[in-house]
Amino acid sequence: MKFNHLEIENACIITPELYRDERGVFRRHFCVQEYAENGLEVDVMQGNISENPLIHTLRGFHFQSGDDGEAKTISCITGSIYNIIVDIRKHSKTYRQWVSLEISSENRKSIYVPSGCANAYLTMSEDTIVHYYMSKKYSANSYMGFNYNDTSFGFQWPCSPRLISEKDRNLPMFATITEED
């Protein structure tokens, strides 16, 4: 696997090495040793799958606060997503900066979102399935989020969302929530 660090401190894009033969393609998707060698969280406490039948479905911005802060490795099993990571760690040199990128089942890349960063994505094709490895288990008491269209960040989405859950649509603006330490 190749780990290319992004502008957000400790965030990266992971490109797998593909092994092809007459059976198809094989790739390593997670390796404790390689994650550790690249300074990434190696604990995996939970795996989640998000199935999104409609193009332009938006999820986020989500994160867990405090001791329940979680690192995420996000991959597209089918389809593609436009993803935004926001650094909300007050003491980070990239605090309040954000980065966007696309991953897909075709390019087979994954995104590593460090603990203390919020994440959101917009599906760019129908029938998009997203897989997450989480470094912490879900904690309802620590779960937080903010609005995908928070004007204080100037996010640039490729198009307007077609489907947003009521919960995500009603998330507050970042300035009104308790920020990550």
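The values are calculated or read from the model by the stated rules, or taken from the named source; none is laboratory data. Note that this is a predicted model, so its numbers are computed, not measured. Counting neighbours? That spans all protein chains shown, and the Cβs are built from the backbone with ideal geometry, glycine included. The accessibility values were calculated without ligands, DNA or RNA, using every heavy atom of the protein model including side chains. Shrake-Rupley method; radii C 1.70, N 1.55, O 1.52, S 1.80 Å.
Relative contact order of the range 24-181, please, whole-number percent, based on alpha carbon pairs below 8 angstrom and at least 6 residues apart.
Once normalised by length, the contact order is 35 percent.
Largest first, how would Tyr148, Tyr138, Tyr112, Tyr95 line up by accessible area (1.4 Å probe)?
Ranked list, largest accessible area first: Tyr138, Tyr95, Tyr148, Tyr112.
Pairs of alpha-carbon atoms within less than 8 angstrom and 6+ residues apart define the contacts here; what relative contact order does the range 22-114 have, in percent?
In percent, rounded to a whole number, it is 26.
With a 1.4 Å probe and all protein chains kept in place, how much accessible area does Phe153 have, in Å² rounded to the nearest 10?
20 Å²
Pairs of alpha-carbon atoms within less than 8 angstrom and 6+ residues apart define the contacts here; what relative contact order does the range 1-59 have, in percent?
Relative contact order for the range 1-59 comes out at 21 percent.
How many nm is it between the label spots at Ile129 and Glu17, if each spot is 7 Å from the Cα in line with the beta carbon?
Using points 7 Å along Cα→Cβ, the separation is 2.7 nm.
Rounded to the nearest 10 Å², what accessible area does Arg162 show when all protein chains are kept and the probe is 1.4 Å?
Spelled out: Arg162, probe radius 1.4 Å, area about 140 Å².
With a 1.4 Å probe and every protein chain kept in, tell me what percent of the accessible surface of the chain is carbon plus sulfur.
Carbon plus sulfur share of accessible area: 46 percent.
Return a single number: how many Lys pairs in the chain, at a sequence separation of 8 or more or on separate chains, have alpha-carbon atoms below 14 angstrom apart.
4
On a 1.4 Å probe surface of the protein chains, which of His5, His91, His56 comes out largest in accessible area, and what is the full order?
His91, His5, His56
Which value, in debye to the nearest 20, gives the size of the charge dipole of the range 53-181 about its Cα centre, when Lys and Arg are +1 and Asp and Glu are -1 at the Cβ?
That gives the range 53-181 a dipole magnitude of about 140 debye.
Would you work out if the chain is rounded, prolate or oblate? Take a ≥ b ≥ c from the square roots of the eigenvalues of the alpha-carbon gyration tensor; rounded if a/c is under 1.5, else prolate when a/b is larger than b/c, oblate otherwise.
Note, shape of the chain comes out oblate.
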